[in-house]
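Peer 1: Following this message is one structure expressed as structure tokens.
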Amino acid sequence: MGLIKAGMVISILSTLISSRASAADDPVGAADKALVAAFEKGDRAALNKYLDTDFTWIDPNGVMVFRSDALALGMKPLVGEGEGVEIVKHPYGDQVIWLQAHAGKNFAARAFG
């Protein structure tokens, strides 16, 4: 019985931690907004600031596109920011944050670290 209660507490804590992704003072949330805006505008200088040299893109068909090709093709996230978009934050340790963006049946994931 104690394990079930402990599992419920962990689940609740995980939900509370994940729900804080949209806080105005969240540097990862701010970086994500800037990254999505850079993709939307095609701002190569900003994209170069935020994207790792090993960045890859997986499209909705499961095709992996490398950084240089994604930038050359002007690819844009299926789900970005704005009304109707839910962003869920999943921290992994102290240095990696996984963000899931949901809008209707569409979703996108981005990692920051």
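Peer 1: Does the stretch 11-28 contain at least one residue that is modelled with pLDDT of 50 or more and in a helix (DSSP H, G or I)?
Peer 2: Among the residues of the stretch 11-28, at least one is modelled with pLDDT of 50 or more and in a helix (DSSP H, G or I), which makes the answer yes.
Peer 1: Within the stretch 64-91, restricting attention to residues that are touching a Gly at 6+ places or on another chain (Cβ under 9 Å) and of a type in the set (D, E, K, R), which residue is surrounded by the fewest Cβ atoms within 10 Å (Cβ to Cβ)?
Peer 2: Taking the candidates together, the pick is K76.
Peer 1: Which residues, counting only those in the stretch 65-97, are without any contact (Cβ under 8 Å) to a residue 12 or more places away in the chain, within 23 Å of G42 (Cα to Cα) and touching a Phe, Trp or Tyr at 6+ places or on another chain (Cβ under 7 Å)?
Peer 2: Hit for the stretch 65-97 is V65, nothing else.
Peer 1: Listed residues A103, A108; which is among the small types (G, A, S) and within 11 Å of the chain's Cα centre (by Cα)?
Peer 2: A108 is the lone residue from the list that is among the small types (G, A, S) and within 11 Å of the chain's Cα centre (by Cα).
The values are calculated or read from the model by the stated rules, or taken from the named source; none is laboratory data. None of these values were measured; they are calculated from a predicted model. In this analysis, Cβ positions are derived from the backbone assuming ideal geometry, glycine residues included, and neighbour counts consider all displayed protein chains.
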